[in-house]
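Report on one structure; see the data block that follows.
The values are calculated or read from the model by the stated rules, or taken from the named source; none is laboratory data. Predicted model, so just to flag it, every value in this text is computed and none were measured. Quick reminder, even Gly has a Cβ in these numbers, built from the backbone with ideal geometry, and neighbours come from all protein chains shown.
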Amino acid sequence: MYQGYSPAMPPRAKSKEAAPKKATTPRKRKVKAEAGSVGLTAAEVASGSPTPEISKLRSQIDAAGGTVLSSYREPLGGHWVALAALPLDKVKPTPYQRELSKAHADRLASVIPKVGRFLDPVIAVPDGDGFISPNGMHRLSAMGQLGAKSIVALVMPEAEIAFRILALNTEKAHNLKDKALEVIRMARAIAADPKRADASEADMAFELEQPSLVTIGVCYEKNPRFSGGAYNSVVSKCETFATEPMKKSLKLREAHADKLLELDEAVTVAVAKLKEAGFTSGYLKPIVVARVNPLRFVKAGKDEKSDFDKTIDKMIEGAKKFDPSKIRAQDVAIAAAVGGEAEG
């Protein structure tokens, strides 16, 4: 006969004491704006008296041989914008952008004639007797290949828009190398600009996006084949935006980059040992970096950062002592399945 539980029977003793439940912090819900509650109405976009800055911009466009087609206030912030046709040879990409992807420019040059129309204006700001575009490099190249005389642009008087490349550039997705090179080029341009002599990384946080990108950008300048993706997680846990003038903080970034490149050399030697042991995966470098990373299992708060020099020094020491016999084929298979930046 089944002896089930009855109220007279004592409850069974638990083998382990139940762990107390962790107190969870309730997530803050992002408040969604009420529809139609932000910015300007359609009528307001076309209304208002142009500012002195937009009047000066009109003169600059005329002087460059361009034509203002319209001026209006953009619908979110109400800032004045000129829609203009500009001579193609008067518009250049900003000098601190990533390298041109010839394949992407060639694709655009082949597609635009099929559509028979150029429908995607570039963004531009005045620069000397012409204009620079933070987000139109490939469209400018494609139109140049097609022999176009002019290009339509949304022209803004605010020069700082030229530094907001990462936020504005949507025509071709950035990879880590693209981002890092643009960020370090922007940082160097800001440091060399007398008008921005006191600007710090913290002041330009929106434009630079992440402090780790400055250091990794220097690495890519010195070694175009640097495997930034293998180290980005570690560097991100160590770097913060500097508050001193950019010219000064760049020296620190240079020193950090040199140490990171030293680590990369030690990791490359460890990878060679793995290859000698018979491993052939393209994910050997991330495997070595993960094994020597002292922060791998450290859970730090959002604003807590580890010391860069101490962390990288430990990793260099670990890479030099790396033992390939402790790596199993299973580890390599997992790394390939999870993904990461393969050796380049």
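Is at least one residue of segment 79-98 surrounded by 15 or more Cβ atoms within 10 Å (Cβ to Cβ), polar (S, T, N, Q) and touching an Asp or Glu at 6+ places or on another chain (Cβ under 8 Å)?
Yes, there is a match, as at least one residue in segment 79-98 is surrounded by 15 or more Cβ atoms within 10 Å (Cβ to Cβ), polar (S, T, N, Q) and touching an Asp or Glu at 6+ places or on another chain (Cβ under 8 Å).
Among the candidates ALA64, ALA42, which residue alone is of a type outside the set (Ser, Thr, Tyr), modelled with pLDDT of 90 or more and surrounded by 10 or more Cβ atoms within 10 Å (Cβ to Cβ)?
Working: ALA42 fails: surrounded by 10 or more Cβ atoms within 10 Å (Cβ to Cβ).
On inspection, the qualifying residue turns out to be ALA64.
For (1) outside any strand (DSSP E or B); (2) touching a Pro at 6+ places or on another chain (Cβ under 7 Å); (3) modelled with pLDDT of 85 or more, each residue gets a yes or a no:
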{"position": "ALA173", "(1), (2), (3)": "yes, no, no"}
{"position": "LYS177", "(1), (2), (3)": "yes, no, yes"}
{"position": "GLU182", "(1), (2), (3)": "yes, no, yes"}
{"position": "ALA187", "(1), (2), (3)": "yes, no, yes"}
{"position": "ILE190", "(1), (2), (3)": "yes, no, yes"}
{"position": "ASP198", "(1), (2), (3)": "yes, yes, yes"}
{"position": "ALA202", "(1), (2), (3)": "yes, no, yes"}
{"position": "SER212", "(1), (2), (3)": "yes, no, yes"}
{"position": "ILE216", "(1), (2), (3)": "yes, no, yes"}
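With the requirement that a residue be in a loop (DSSP other than H, G, I, E, B), touching a residue at least 60 places away in the same chain (Cβ under 8 Å) and either over 22 Å from PHE163 (Cα atoms) or of a type in the set (Ser, Thr, Tyr) (or both), what does segment 84-120 give you?
Of the residues in segment 84-120, the ones in a loop (DSSP other than H, G, I, E, B) are 94-101, 116-120.
Then keep just the ones that are touching a residue at least 60 places away in the same chain (Cβ under 8 Å); that gives 94-99, 101.
The answer is THR94, TYR96, SER101.
Restricting the first residue to segment 219-238 and requiring it to be in a helix (DSSP H, G or I), which pairs with a second residue that is of a type in the set (Lys, Arg) meet a Cβ separation below 8 Å and a spacing of at least six or different chains?
TYR220/LYS177; GLY228/LYS177; ALA230/LYS285
If I filter segment 91-122 down to residues being within 19 Å of the chain's Cα centre (by Cα) and of a type outside the set (Lys, Arg), which single residue comes out as farthest from SER59 (Cα to Cα)? Give the steps one after another, and end with the answer.
The initial filter retains those residues of segment 91-122 that are within 19 Å of the chain's Cα centre (by Cα), namely 93-101.
After this cut, where a residue has to be of a type outside the set (Lys, Arg) as well, the list is 93-97, 99-101.
Numbers: PRO93: 21, THR94: 22, PRO95: 24, TYR96: 27, GLN97: 27, GLU99: 32, LEU100: 31, SER101: 34 Å.
Filtering segment 91-122 for residues that are within 19 Å of the chain's Cα centre (by Cα) and of a type outside the set (Lys, Arg), the one farthest from SER59 (Cα to Cα) comes out as SER101.
Give segment 111-169 a look and list any residue that's of a type in the set (Phe, Trp, Tyr) and closer than 22 Å to GLU209 by Cβ, or say none. Reasoning before the result, please.
Looking only at segment 111-169, we keep the residues that are of a type in the set (Phe, Trp, Tyr), and these are 118, 131, 163.
PHE163, the sole residue that qualifies.
Could you list, in sequence order, all residues of segment 88-132 that are of a type in the set (Val, Ile, Thr) and closer than 30 Å to TYR220 by Cα? Write out each step before concluding.
Initial filter on segment 88-132 (of a type in the set (Val, Ile, Thr)): 91, 94, 111-112, 115, 122-123, 125, 132.
Across segment 88-132, the qualifying residues are VAL91, THR94, VAL122, ILE123, VAL125, ILE132.
Would you be able to say whether some residue in segment 228-240 is aromatic (Phe, Trp, Tyr) and surrounded by fewer than 16 Cβ atoms within 10 Å (Cβ to Cβ)?
no
Scan segment 250-260 and give yes if some residue there is assigned to a loop (DSSP other than H, G, I, E, B), farther than 16 Å from ALA319 by Cβ and in the same structural domain as LEU181 (by TED's automatic domain parsing), otherwise no. So that I can check it myself, show each step before the final result.
Let us first name the residues in segment 250-260 that are assigned to a loop (DSSP other than H, G, I, E, B), namely none.
The answer is no; no qualifying residue exists.
Can you run down the residue pairs with Cβ atoms below 9 Å, 6 or more apart or on separate chains, where the first is in segment 125-145 and in contact (Cβ under 8 Å) with a residue 12 or more places away in the chain and within 10 Å of VAL91 (Cα to Cα) and the partner is part of a helix (DSSP H, G or I) and acidic (Asp, Glu)?
Once the first residue is in contact (Cβ under 8 Å) with a residue 12 or more places away in the chain and within 10 Å of VAL91 (Cα to Cα) and sits in segment 125-145, its partners that are part of a helix (DSSP H, G or I) and acidic (Asp, Glu) give VAL125/GLU160; GLY130/ASP89.
Taking LEU263 as the residue in question, decide whether it is surrounded by 17 or more Cβ atoms within 10 Å (Cβ to Cβ), touching a Phe, Trp or Tyr at 6+ places or on another chain (Cβ under 9 Å) and part of a helix (DSSP H, G or I).
Here the answer is yes, as LEU263 does meet what is asked.
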